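These notes are about the structure you will find just below.
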Amino acid sequence: MAIAQRYGEGQRILITGGAGFVPSHLVDALVGRGAHVVAVDNFVTGTESNLAHLADNPLFTFVKADVSDGLPHDPALAGRFDAIMHFASPASPTDFEQLPIEILRVGSVATLHLLERALQDGARFIMASTSEAYGDPLVHPQPESYWGNVNPNGVRSVYDEAKRFSEAATMAYHRSRGLDVGIVRIFNTYGPRMRPDDGRAIPTFIAQALRGEPITVHGTGEQTRSICYVDDLVRGILLLLDSTQTGPINCGTEHEMSMRQLAETIAVLAGSSSPVTYVPRAVDDPEKRRPDLTLARTLLGYEPQVGPEDGLRRTIRYFAERVQN
Ligand code: NAD
Ligand code: UDP
């Protein structure tokens with residue numbers, strides 16, 4: 001099974017949230033293919049430095065805007081897009097408490113604006129969904145056919161339900177208007193360009209290990225996640241973009257580990273003597289998470305390639321140049 005490249009040279013692609021961690025790597029990959037990429041971001045959790053290397057690249061244009069207000073009048077946004085990739089959204093559980101309304105708006109109002117634009121342009125619409133759509137799953141590993149176990153009004157609901165709304169809206173435009181869409185459910189992804197203070201486990205543990213501070217594991221640390229290096233995720237997203245699949249399709253890896261194991265591994269790989277300390281666990285924190293990758297494998301020919309040690313080493317190297325002791 002090999003998906004032929006459909007999006008690249010000569011095409012215009014809009015990526016919302018382009019200054020963020022995952023989307024900035026997508027921007028690089030598509031510019032690398034020769035596509036003209038327009039990134040829109042309001043820097044709520046992203047940074048200009050993630051795109052600084054593209055400042056003089058004629059294939060790249062940046063527009064600063066909040067996509068929840070609709071796309072602004074800007075010459076870069078005037079022409080037709082061949083694909084629209086909606087990746088804007090704060091994504092760290094610490095953001096769920098600090099930016100609840102912003103998260104709800106970018107998952108709902110912004111999604112509707114961008115779906116309308118995709119319809120107008122005849123563009124393929126790719127929506128960044130999440131393993132959080134499964135909530136605290138009662139089925140393990142999680143296949144796309146599982147409907148999930150989500151608290152509809154808890155602290156995580158602003159993110160989980162916004163993404164579930166985005167999925168519903170995307171499918172409604174597909175079913176009722178014939179829009180060409182693809183939904184990817186992204187599982188815990190990490191790598192260079194995450195912020196050390198982003199609050200998620202991997203950047204937090206790496207920054208703590210490099211500073212020689214205690215590594216703060218929540219609860220007993222027996223809860224699990226399956227971690228995916230960003231290059232593997234980007235490969236999966238591009239396969240979905242090039243395919244004609246609608247999804248939702250899980251993307252990630254089966255490298256499942258407990259948070260205690262993750263903390264200990266990071267300490268060793270960083271050559272750190274930081275002790276692990278146990279602090280209270282967040283409300284509604286999912287107990288375990290691992291994608292069933294059958295659909296990604298059979299429909300997209302996706303196979304993750306970067307093992308956790310290799311990916312963590314690369315990420316630690318990136319952080320080591322930025323984190324102050
Ligand atoms: P990130 O915070 O680094 O990137 C999100 C970007 O969106 C940031 O640059 C932010 O400034 C921008 N943004 C947010 N709201 C905006 C708005 N209203 N207007 C314009 N820009 C806005 O996070 P990330 O981890 O790179 O996540 C990117 C996408 O992938 C998100 O949609 C997230 O939900 C999804 N996702 C990521 C993971 C993961 O493990 N990294 C897992 C599941 C889903
Ligand atoms: N976690 C932790 N210490 C931290 C940050 C997170 O033990 O400093 C735990 C968190 O409680 C969760 C897991 O690590 O069980 C993954 O959290 P993360 O925020 O990375 O992503 P999530 O999968 O919850 O969206």
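Rounded to the nearest 0.05, the FRET efficiency derived from the C-beta distance between Met257 and His73 at R0 = 35 Å is 0.15.
Helix-only mean residue ellipticity at 222 nm, the chain, DSSP H runs n ≥ 4 weighted -39,500 (n - 2.57), per residue, nearest 500. What is it?
Details: 9 runs with 108 residues, N = 325.
It lands at -10500 deg cm²/dmol.
Once the Cα atoms are used to define both axes, helix 201-211 deviates from the longest principal axis of the chain by about 50 degrees.
Taking a quarter of the surface of the Cα convex hull of the stretch 227-314 gives a mean projected area of 7.0 nm². Other residues within the sphere of radius under 9 Å centred on the Cβ of Pro248, judged by their own Cβ, net out at -1 (K and R +1, D and E -1). Using the Cβ atoms and a cut-off under 12 Å, what net charge is assigned to the surroundings of Leu54, where Lys and Arg are +1 and Asp and Glu are -1? Residues close to Leu54 contribute a combined charge of -3. Helix 21-32 and the longest principal axis of the C-alpha atoms of the chain enclose an angle of approximately 50°.
Taken as Cα centroids, the stretch 13-63 and the stretch 286-307 sit 26 Å apart, rounded to the nearest whole angstrom.
Placing +1 at every Lys and Arg Cβ and -1 at every Asp and Glu Cβ, with all other atoms neutral, what dipole size does the chain have around its Cα centre, in debye to the nearest 20?
The calculated dipole for the chain is roughly 300 debye.
Restricted to Cα atoms, the chain shows a radius of gyration and a Dmax of 18.9, 57 angstrom.
Seen through its C-alpha gyration tensor, with square-root eigenvalues sorted a ≥ b ≥ c, the stretch 131-204 comes out prolate because a/c lies at 1.5 or above while a/b is bigger than b/c.
Using R₀ = 45 Å, calculate the FRET efficiency as 1/(1 + (r/R₀)^6) where r is the Cβ-Cβ separation of Ala55 and Arg177; round to 0.05. Provide the component values of the computation, followed by the final result.
On the way: r = 37 Å, r/R0 = 0.82.
E between Ala55 and Arg177, to the nearest 0.05, is 0.75.
Taking label positions 7 Å along the Cα-Cβ direction at both Arg322 and Val268, the computed distance is 2.6 nm, reported to one decimal.
Can you check what the net charge comes to around Arg6, using other residues whose Cβ is under 12 Å from the Cβ of Arg6 (Lys, Arg +1; Asp, Glu -1)? Each step should come with its number before you reach the end.
On the way: positive: Arg33, Arg124; negative: Glu9, Asp82, Asp180, Asp242.
Taking every other residue near Arg6 into account, the sum is -2.
Taking label points 7 Å from Cα along the Cα-to-Cβ direction, Asn149 and Ile101 give a separation of 3.4 nm. Take every DSSP beta bridge whose two residues both sit in the chain; close to 10 percent of them are antiparallel. The coefficient of translational diffusion for the stretch 32-111, derived via Stokes-Einstein from the alpha carbon Kirkwood radius under 37 °C and 0.692 mPa s, stands at 236 µm²/s. Considering only Asn57, Asn149, Asn188, the mean-square fluctuation computed in a Gaussian network model of the chain, springs between alpha carbons under 10 angstrom, is largest for Asn57.
Rounded if a/c is under 1.5, else prolate if a/b is larger than b/c, else oblate: which is the stretch 88-164, with a ≥ b ≥ c the root eigenvalues of its Cα gyration tensor? Don't jump to the answer; show the numbers that get you there.
Values: a/c = 2.66, a/b = 1.35, b/c = 1.97.
Oblate is the answer for the stretch 88-164, as a/c is 1.5 or above yet b/c matches or exceeds a/b.
Pairs of alpha-carbon atoms within less than 8 angstrom and 6+ residues apart define the contacts here; what relative contact order does the stretch 1-93 have, in percent?
On the way: 154 pairs, mean separation 32.7, N = 93.
That works out to 35 percent.
FYI, it's all coordinate maths here, none of it is from the lab. What you are looking at is a predicted structure, and each value in this text was computed from that prediction instead of being measured. Cβ coordinates were reconstructed from backbone atoms using ideal geometry, including for glycine residues, and neighbour counts include every protein chain displayed.
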